[in-house]
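Enquirer: Before I ask anything, let me first share the structure, which is written out below as structure tokens.
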Amino acid sequence: MNEQLTKEIQKRRTFAIISHPDAGKTTLTEKLLLFGGAIHVAGAVKSNKIKKTATSDWMEIEKQRGISVATSVMGFEYDGYKINILDTPGHQDFAEDTFRTLTAVDSVIIVVDVAKGVETQTRRLMEVCRMRNTPVIIFVNKLDREGRDPFDILDELETELKIKVVPLTWPINIGAKFKGVYNIYEHGLDLFTPSKQTISERIEIDDINSPEIDKLVGPQDAAKLREDIELINGVYPEFDEKEYLEGNVAPVFFGSALNTFGVKELLDCFVKIAPSPRAVVAEERTINPEEDGFSGFVFKIHANMDPNHRSCIAFVKVCSGKFERNVGYRHVRSDKVMKFAAPTAFMAQKKSVVEEAYPGDIVGIPDTGNFKIGDTLTSGEMIHFKGLPSFSPEMFKYIENADPMKAKQLDKGIKQLMDEGVAQLFTSSFNGRKIIGTVGQLQFEVIQYRLLHEYGAQCRWEPLSLYKACWIESDDEEALEAFKKRKHQFMAKDKDGRDVFMADSNYVLQMARNDFPKIRFHFSSEF
């Protein structure tokens, strides 16, 4: 067994930060980078006065809207650990991108706004974590604003996210009277001074009954803190690392990301308890990170990371062995051997060429159209990683060329954006028109904007009322042909040439299922 490899794996922490829009996820990401020394000044994300926008939101449309649309990858070193953060879009129209990102991480931090509590989007993402038993840490944000009682928040986290929680830090008041947090995990008191740049001082306190606390926060708040801690000890079990790693219990931290408060406590505890890269289940067998052979999969493709060069980048999560530059690896789907001369690692949009990467790392590989989401790369073994579904879209529009002189640019743009998995393209078998299916309205705007700004192509949308797109298959060729004939005007092909039935209402779909028992209908492309 390779000792160097094992050592590198144990240093890695690869995680995603997920939340509802506006809970403060991008701000938290930025503050973590600040501690890692990866950036030196925190940019104000929402303010237009400062043109230095957040490091992780770098696509033009994100800067205008103040939302994260693409998942960006950032790596930094902290305290001897190599940390890879995958920042995910909070906006629900991009949920699918987030679901796919969750297949590439070993743990997750969920950000919850103390005033709003758990919101729908957070619930859905938590379901994905539960399906995969991903360990979760919760950061309750914005304590410097008026919000709900911390005990109510803990109850809500348990009922809404269906997971047991254990607070590891505890706030002293909230809103205007917020004085700081008591660190239950490490016995310390962190006093709050509102500042967006500096880091609060930590006071070590070995005993919660120490008169020192009364001096620092006032006798009234000190008494309340002792009462709260006593209640916590009575109600919540002691933190058990094994339970956390199995995804059964979530530690909770309180703080204010904007004021860089409570973030260091979160990071310090995170690097100690979060899992290093874990084994990944492939269709053929389970792949252990410590195996010598390299393997990895593409979980995201991004077009035009650099506006000056029309290139795509495939994001590969390294699952086992060591990835090296200029070494031939097998691309399992096409069964070709490929070499990569300029693989990159990311620090938001700053890229640098890497010589090697270890399990848990995310490598960007320049892509000229060879990759699809879910592709596997290996040192030679034929394995297929699973768990990268695309879901059946919920909104559909015809896409039409608005500038006949730019037909080529439009086709190229649509192809690259679809490979990214932003939306899905279907071609109607009935009239040959192109149909774009998405999960939400915002994606249509993003596609139109990016086609114009990145490819110089103009498109216009035409309404189309459809209920669902389902992939169909059957073991009975005749039944399949009969179905396609009868439903000719509702048939289409996806970009991989598979048959898709475009039902225009739930009733039509149910009738089709009843009338054609030999046909299987699928609502995700993974079958």
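The values are calculated or read from the model by the stated rules, or taken from the named source; none is laboratory data. Predicted model, so just to flag it, every value in this text is computed and none were measured. Please note: Cβ atoms are built from the backbone with ideal geometry, for glycine as well, and neighbour counts cover all protein chains shown. Please note that ligands, DNA and RNA were not included when accessible areas were found on the heavy atoms of the full protein model with its side chains. Shrake-Rupley method; radii C 1.70, N 1.55, O 1.52, S 1.80 Å.
Enquirer: Could you check region 408-442 and list, in sequence order, the residues that are farther than 23 Å from Phe490 by Cβ and either of a type in the set (D, E, K, R) or buried (at least 22 other Cβ atoms within 10 Å of the Cβ) (or both)?
Expert: Hits for region 408-442 are Lys408, Leu410, Asp411, Lys412, Gly413, Lys415, Gln416, Leu417, Asp419, Glu420, Val422.
Enquirer: Also: For region 95-126, which positions are of a type outside the set (A, V, I, L, M, F, W, C) and at pLDDT 80 or above?
Expert: Thr103, Asp106, Ser107, Asp113, Lys116, Gly117, Glu119, Thr122, Arg123
Enquirer: Taking Leu125 as the residue in question, decide whether it is farther than 19 Å from Glu238 by Cα, open to solvent by less than 60 Å² (accessible area, probe 1.4 Å), assigned to a loop (DSSP other than H, G, I, E, B) and not aromatic (Phe, Trp, Tyr).
Expert: no
Enquirer: Conditions first: (1) outside any strand (DSSP E or B); (2) open to solvent by less than 60 Å² (accessible area, probe 1.4 Å). Asn326 passes all but one, so which condition is the exception?
Expert: The single condition Asn326 does not satisfy is (2).
Enquirer: If Ser47 passes every condition in (1) modelled with pLDDT of 55 or more; (2) out of contact with any His (no Cβ under 8 Å at 6 or more places or on another chain) but one, which one does it miss?
Expert: (1)
Enquirer: Here's a follow-up. What do you reckon, is Phe139 of a type in the set (Phe, Trp, Tyr), in contact (Cβ under 8 Å) with a residue 40 or more places away in the chain, out of contact with any His (no Cβ under 8 Å at 6 or more places or on another chain) and loosely packed, with under 15 Cβ neighbours inside 10 Å?
Expert: no
Enquirer: May I ask you to list the residues in region 392-407 that are in a strand (DSSP E or B) and either at pLDDT 90 or above or surrounded by fewer than 15 Cβ atoms within 10 Å (Cβ to Cβ) (or both)?
Expert: Pass one, region 392-407, residues in a strand (DSSP E or B): 395-401.
Correct list: Phe396, Lys397, Tyr398, Ile399, Glu400, Asn401.
Enquirer: Within region 244-270, can you find the residues that are in a strand (DSSP E or B) and under 23 Å from Leu161 (Cβ atoms)?
Expert: Listed by number, the residues that qualify are Val249, Ala250, Pro251, Val252, Phe253, Phe254, Ser256.
Enquirer: Please list, ordered by first then second residue, the pairs with beta carbon atoms under 6 Å, 6 or more apart or interchain, first in region 322-340 and within 20 Å of Val353 (Cβ to Cβ) and without any contact (Cβ under 8 Å) to a residue 24 or more places away in the chain, second among the basic types (Lys, Arg) and open to solvent by 80 Å² or more (accessible area, probe 1.4 Å).
Expert: Every condition considered, the pairs that remain are Asn326/Lys339; Gly328/Lys339.
Enquirer: Any idea how many residues of region 273-304 are crowded, with 19+ Cβ neighbours inside 10 Å, β-branched (Val, Ile, Thr) and more than 18 Å from the chain's Cα centre (by Cα)?
Expert: So the answer is 1.
Enquirer: Looking only at region 271-302, which residues are outside any strand (DSSP E or B) and of a type in the set (A, V, I, L, M)?
Expert: Within region 271-302, Val271, Ile273, Ala274, Ala279 qualify.
Enquirer: Can you list residue pairs whose Cβ atoms sit under 6 Å apart, with the first residue in region 502-523 being within 11 Å of Ile472 (Cα to Cα) and the second being open to solvent by 40 Å² or more (accessible area, probe 1.4 Å) and of a type outside the set (Asp, Glu)? Count only pairs 6 or more apart in sequence or on different chains.
Expert: Met502/Phe490
Enquirer: Then there's this: Give the residue, chosen from Lys412, Lys397, Lys434, Lys468, that is over 28 Å from Tyr507 (Cβ atoms) and of a type in the set (Lys, Arg).
Expert: Lys412
Enquirer: Output the residue which, of all residues in region 447-466 that are among the hydrophobic types (A, V, I, L, M, F, W, C) and under 12 Å from Ile414 (Cα atoms), is most open to solvent (accessible area, probe 1.4 Å). Before the answer, list the steps.
Expert: Our first condition is that a residue be among the hydrophobic types (A, V, I, L, M, F, W, C); within region 447-466, this holds for 447, 451-452, 457, 459, 461, 464, 466.
Those still in the list that are under 12 Å from Ile414 (Cα atoms) too: 447, 451-452, 457, 459.
On the way: Ile447: 4, Leu451: 1, Leu452: 78, Ala457: 0, Cys459: 9 Å².
Taking the candidates together, the pick is Leu452.
Enquirer: Name the single residue, out of those in region 473-497 being within 23 Å of Gly440 (Cα to Cα) and surrounded by 15 or more Cβ atoms within 10 Å (Cβ to Cβ), that is modelled with the lowest pLDDT.
Expert: Filtering first and then ranking leaves Asp494.
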